[in-house]
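S.K.: This structure is in structure tokens; I'll ask about it shortly.
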Amino acid sequence: MMRYIGTAVTALIIGVPTAAHAQAMGSMAGHAMPKGRTATITGTVVDVSCKFGQGLSGAEHKMCAEICADRGLPLAILTDDGKLYVPTSAGMPGDGQNARLKPFAEQRVTVSGKVFAAGGASAIQITNIAARAR
């Protein structure tokens with residue numbers, strides 16, 4: 001009996017993400033993929049919540065930005081001209097990108113990837129990221 005319950009629970013756990021993925025992909029049928037362009041940008045990795053909600057940034061804010069990132073608050077790349085690039089995933093369903101940006105919190109970086117613009121916002125699917133001197 002316990003073996004049956006364990007097998008049923010395992011099947012349910014494995015099957016739910018697969019069903020959710022299939023449903024998400026099915027809802028995408030007939031939608032055109034957005035067109036992006038390959039680009040390289042340079043900016044500072046910022047904790048969006050603290051930067052815009054509290055006015056906090058800079059080297060003294062690094063630890064706070066890392067904690068916020070661990071709690072799921074988004075990190076993004078702010079260029080010198082004030083443009084904010086939100087990192088996205090090419091996967092479906094998408095994967096969070098904080099783990100990739102967290103080591104660079106409150107530091108300047110150069111990032112390459114596919115850039116998408118929509119509704120006044122910019123997103124980037126990061127293919128390469130490197131620290132950059134100020």
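Taken together, the values in this text are just the output of simple stated rules run on the coordinates, not laboratory data. Computed from a predicted structure; not experimentally measured. Backbone-built Cβ (ideal geometry, glycine too); neighbour counts: all protein chains shown.
S.K.: So if I average 1/r over every pair of distinct C-alpha atoms in the stretch 37-131 and take the inverse, what Kirkwood radius in Å does that give? Write down the numbers at each step before the final one.
M.R.: Details: mean 1/r = 0.0760 Å⁻¹.
Roughly 13.2 Å, rounded to one decimal.
S.K.: Right, something else. Would you list which lysines come within 22 Å of Lys51, measuring only between C-alpha atoms, while excluding same-chain residues fewer than 8 positions from it?
M.R.: Qualifying lysines at Cα under 22 Å: Lys62, Lys83, Lys102.
S.K.: Another question, then. Determine ³J(HN,Hα), in whole Hz, for all residues of the stretch 64-76 in sequence, where each value follows from phi through the Karplus function 6.51 cos²θ - 1.76 cosθ + 1.60 and θ = phi - 60°; x replaces Gly and Pro.
M.R.: 4, 4, 5, 5, 4, 4, 4, 8, x, 6, x, 9, 8
S.K.: Sticking with the crude label model, points 7 Å out along Cα→Cβ, report the distance from Ala121 to Gln54 in nm, one decimal please.
M.R.: 2.2 nm
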